[in-house]
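Okay, structure first, notes after.
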Amino acid sequence: MAWKTITREFEGYLEDRKSRFLAYLVPADRFEQRLDELRKEHKKANHIVTAHRRLLDDDRIEESGKDDGEPAGTSGMPTLRVLQGAALINCAVLIVRYFGGTKLGGGGLARAYSGAAQDAINNAVLMPFQKLVTKRLSADFADSSDLERQVEVLGLTVLSRDYTEQGVRLVVEGPEDAICLLDA
């Protein structure tokens, strides 16, 4: 499956019978911080529904949908299904709801929350997801310039560079498919 992800925050909006749904699509590593910020920023909001998907190191997917006081199954799970349907990974949706005075019912809530999430996704710049991995490399002094050139050509990030009596040791990070192309 070709997953997609985002590198910055995007917003979406939906209004239904005077209830307002403000959706924020954020990278997964900003999820907790953004939730705290939204709770402070929107103190009068009735609910902040969340859903997230994250790829774990062992290639399992951690995902959840939280209703935050809405009737069970009417908000968090429909929002999570939108993330799944868009093949998004390592991101989260946070939806702030201001109640407009008219109850929407279970189906109405599900449509409103999933619609707000979809609007945020429609406004987003989606990137192909690439799993980043690290690799330790070493080369003697005679081969070190070739190794450095290869790392640069592949667009890898050098996390550390240590010179020893035998040569150089590098720790590099980059997309899994690029790391596999390294000779060393």
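Read the figures in this text as sums done on the coordinates, not as results from a lab. The structure presented is a predicted model; accordingly, all values stated were derived computationally and were not measured. Cβ sites come from the backbone with ideal geometry, for glycine too, and all protein chains shown count toward neighbours.
Give the angle, between 0 and 90 degrees and rounded to the nearest 10, that separates the Cα long axis of helix 76-85 from the longest principal axis of the Cα atoms of the chain.
It is inclined by approximately 50 degrees.
What ranking do His47, His52 get, fewest neighbouring Cβ atoms within 10 angstrom at the top?
Values: His47 21, His52 24.
The fewest-first ordering by Cβ neighbours comes to His47, His52.
So, R0 is 25 Å and r is the distance between the beta-carbons of Cys180 and Arg30; what FRET efficiency does that work out to, to 0.05?
That gives a FRET efficiency of 0.30.
Between Val133 and Lys40, what is 0.36 nm times their sequence separation minus the Cα-Cα distance? Round to one decimal in nm.
Working: separation 93, 0.36 × 93 = 33.48 nm, distance 3.56 nm.
My answer for the length gained is 29.9 nm.
Apply the Kirkwood formula to the stretch 132-179: the hydrodynamic radius equals the inverse of the mean of 1/r over all pairs of different alpha-carbon atoms; give it in Å with one decimal.
Taking every pair of different Cα atoms in the stretch 132-179, averaging 1/r and inverting gives 10.7 Å.
For the chain, what's the radius of gyration and Dmax over Cα atoms, in angstrom?
Answer for the chain, Rg first and Dmax second: 21.7, 74 Å.
List the extent of the Cα atoms of the stretch 1-51 along each of their three principal axes, largest first, rounded to whole Å.
Sorted from largest, the Cα extents of the stretch 1-51 read 38, 24, 15 Å.
Which whole-Hz couplings ³J(HN,Hα) result when phi for each residue of the stretch 127-140 is put into the Karplus expression 6.51 cos²θ - 1.76 cosθ + 1.60, θ = phi - 60°, listed in order with x for Gly and Pro?
These are the phi-based 3J(HN,Hα) values: 10, x, 7, 10, 6, 8, 10, 10, 8, 8, 10, 8, 8, 6 Hz.
Tell me the label-point distance for the pair Tyr98, Arg54, using the 7 Å Cα-to-Cβ offset, in nm and rounded to one decimal.
For Tyr98 paired with Arg54, the spin-label model returns 3.1 nm.
Magnitude of the Cβ-charge dipole of the chain, K/R +1 and D/E -1, about the Cα centre, nearest 20 debye?
1380 debye
Considering Cα pairs under 8 angstrom that are at least six residues apart, work out the relative contact order of the stretch 4-128 and quote it in whole percent. Before the final figure, lay out the partial values.
Numbers: 280 pairs, mean separation 50.8, N = 125.
Reported as a whole number, the value is 41 percent.
What ranking of Met77, Met127 emerges when the number of other C-beta atoms within 10 Å of each C-beta is taken as an exposure proxy, fewest first?
Neighbour counts put them in this order, fewest first: Met127, Met77.
Could you tell me how many degrees, from 0 to 90 and to the nearest 10, lie between the Cα long axis of helix 141-153 and the main elongation axis, the longest principal axis, of the Cα atoms of the chain?
30 degrees
Please report the spacing between the Cα centers of the stretch 54-75 and the stretch 111-131 in Å, no decimals.
Spelled out, the Cα-based centre of one part sits 15 Å from the other.
Could you please rank Lys66, Lys103, placing first whichever residue has the fewest other Cβ atoms within 10 Å of its Cβ? Present the calculation step by step, with values, prior to reporting the outcome.
On the way: Lys66 19, Lys103 12.
The most exposed by this proxy come first: Lys103, Lys66.
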